[in-house]
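Report on one structure; see the data block that follows.
The values are calculated or read from the model by the stated rules, or taken from the named source; none is laboratory data. Keep in mind it's a predicted model, so treat the numbers as computed, not measured. Cβ placement follows ideal geometry from the backbone for every residue including glycine, while neighbour counts extend to all protein chains displayed. To get the accessible areas, we keep the full protein, side chains included, count just its heavy atoms, and leave off ligands, DNA and RNA. Shrake-Rupley method; radii C 1.70, N 1.55, O 1.52, S 1.80 Å.
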Amino acid sequence: MTALEGNAGTGWGAVSLEMLAGLREAVFRFPVATVFLLATAVQQHLLIADIRLFDLEGHGRATFPEFVVGLASGALAALAATLLGEAHGISRLGRFAMAVVAGLAAFSLVGLPYTFLSLQWALILALIGLVPVAPFIGRGGSGSFWMFSARAAFAVFLGLLALLLLAGGISAILASLTLLFGLDVPDRLYEHVWVFTALFAAPLFGMGQLPDRFDEKPGEIVTGFMDRGMRALGDFLAAPLLIVYAIILHLYALKIAVTREVPEGQIGWLVLAYGLCLFGALLIINPFFDRARAPTRAFLRLWPFFLPVPLALLFYALALRVGEYGITPDRFLLGLFGSVMAIVLALQLFPRLRGDIRLIAGLPVAALILGSFGPQGALGVSLRSQASRFLEIVQNPPVEEGREKEALSALTFLDGHKALGRVAPEGTEISPDNAYIETAKAWRLNPARRFSGPRGFSLAFDSGPAALAVAGFEVMVQNLDISAVSESPVPVRLPSGREISFSLRDNALLVTSGEETVRFTISAQTVEDMARIGGADEPMAFPLSADGRRITLVPTYIYADIDAPRLTVFQGTVLLRSANW
């Protein structure tokens, strides 16, 4: 035994015990979050092994977004609830109960989006923001919140570092065994290593690094160490750029007032970016305000005066877009963030609340949580708006070409969120396999008419009775419905008994058989061809080839981006040869 190993606290045994003690402390401190993390990892391991135990949507399989991400969201909510209980001195049993309730609620909202009208990405983003905010609900101050958030960010960094070192190191070892000794390491083993590390080991390690003190303020050592960099960030970057950005927005508002031009469609996102940068700067440089120099002092004095005009621009542009196209989740969230900025601005009138960064961080989180699910949320309000917009058009004939395009755009939105039942005519039987086309026809709309909107176009191919030559193919996959936004491939069992799956990714149709995936590129020209000949009085067939294999697409409905033609939704039939799979 070397002198180093024999020295108490520095040997291999002491290091191992310290690591185990840290993990044990994380498990005992956050038991509910740990269980959710473990369930997340186990479920994803089962999906990799093609073992599907749960069915959230009645399709006979669990899906990644609705189940795995739901469990991960439960872990975030349980973590936030535990931190809230710790900060308020609630007993261990009370914290456990709070974590269970919060975790199950978050899992339900994210895991069952169609039931709770959840906007998953927004709710997940809000839960991430809730973790540092939760311990300071009703207590603490700006300094302690900043210090806890900084330490939490460092814990996240350590977790990411653990992910890269552990999963990357094990993967390198496995690759070395293959390269040096010729051992056959299955690709799925690499997947299992990264899944276990990313969904359980690394997050658990990061949780173990979270501080258990909620009253610590930035000391002279911390602020002194960062003082020069933060002053440079404020003086040379944040303050000048935000002031210039505000001047540009004010000049644009003046241009609108003078010329009476309608604001461009992207003005809302420009104001959103400005607000996020403004709030981010206030959060990051908060501890250094008392040592601010002239540029940063000017910014701190003037920022409340920068906001009213951009907010007026935002709400004016939103009113125009909503009046023309109705409410969508994006517009709802833009309006919500604008309202939060207005509230933060109003709070600056109260000296006790002025400059409190807990409010600057906490109000957007609270608003995003409330706006991400339920009938009051972005999706619930948008569905009601688009359904009302559709019915207002179709129930007031005649529906000329321009109004028909508006109706079809609203119908496309409702179809994308499985909400066509809101506008189906009473007493009409609508087949779920062809709901968009049948609903459009029930209201005497032409589903084959191209719809051009702010984001893309949809086409419904309905040629009536027709014949199509299928030489070279003996298998027909019917009623295929795939989307580029779905994380889960659609499995189909061939007559031979072999299972293949289909998915849309990055301008290509991916067909997976076992561990092999063939990528059939769908070019922009192919999408434009679909748009050009859509609605013709004959069936449309689009051949694709890759790696010596051929398939043919026979669409009944597509949706594509319009700026750079890219297929995002395909419904229809695929012709193929089973011998290729």
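With a 1.4 Å probe rolled over the protein heavy atoms of all chains, the accessible area of 413, 181 falls in the order 181, 413, largest first.
Could you work out the helix-only [θ] at 222 nm for the chain, with each DSSP H run of four or more residues adding -39,500 (n - 2.57) and the total divided by the number of residues, to the nearest 500 deg cm²/dmol? Could the numbers behind the result be given before it?
On the way: 21 runs with 321 residues, N = 581.
Dividing the helical sum by the residues of the chain leaves -18000 deg cm²/dmol.
Surface exposure of the stretch 275-418, expressed per residue as accessible area with a 1.4 Å probe, stands at 44 Å².
State the extension gain, in nm to one decimal, for the chain segment bounded by residue 21 and residue 550, taking 0.36 nm per residue of separation less the distance between their alpha-carbons. Walk me through the numbers before you get to the answer.
Numbers: separation 529, 0.36 × 529 = 190.44 nm, distance 5.72 nm.
Taking 0.36 nm per residue and subtracting the Cα distance, the gain is 184.7 nm.
Residue 346 to residue 302: FRET efficiency via 1/(1 + (r/R0)^6), r the Cβ-Cβ distance, R0 25 Å, to the nearest 0.05? After rounding, the FRET efficiency stands at 0.90.
Taking 0.36 nm per residue of separation and subtracting the Cα-Cα distance, full extension of the segment from residue 241 to residue 49 would add 64.1 nm. With every protein chain in place and a 1.4 angstrom probe, the accessible-area ranking of 404, 515, largest first, reads 515, 404. Out of every Cα-Cα pair that the stretch 179-338 contains, those further apart than 19 angstrom amount to 70 percent.
Within straight-line reach of residue 255, meaning a Cα separation under 23 Å, there are no lysines at least 8 residues removed in sequence or on another chain. For the stretch 114-230, the residue among 117, 141, 178 whose Cα projects farthest onto the positive side of the dipole built from Cβ charges is 141.
Of all accessible surface on the chain at a 1.4 Å probe, what whole percent is carbon and sulfur? Write down the numbers at each step before the final one.
On the way: 18590 of 29390 Å².
In the chain, the share of accessible area belonging to carbon and sulfur is 63 percent.
If the segment from residue 283 to residue 114 were pulled out straight at 0.36 nm per residue, it would be longer than the present Cα-Cα gap by 57.3 nm. Residue 551 contributes about 0 Å² of solvent-accessible surface, heavy atoms of the protein only, 1.4 Å probe.
Residue order by solvent-accessible surface for 341, 476 is 476, 341, largest first, with ligands and nucleic acids left out and a 1.4 Å probe. Computed from the C-beta positions of residue 160 and residue 478 and an R0 of 35 Å, the FRET efficiency is 0.20 to the nearest 0.05. In the complete set of protein chains, residue-level accessible area for residue 20 is approximately 100 Å², probe 1.4 angstrom.
Taken as Cα centroids, the stretch 306-368 and the stretch 93-146 sit 21 Å apart, rounded to the nearest whole angstrom. Residue 473 contributes an accessible area of around 30 Å² to the protein surface, as traced by a 1.4 Å probe with all chains present. What does the C-alpha gyration tensor say about the overall shape of the stretch 121-219? Classify as rounded when a/c is under 1.5, otherwise prolate if a/b is larger than b/c, or oblate. Cα axes put the stretch 121-219 in the prolate bin.
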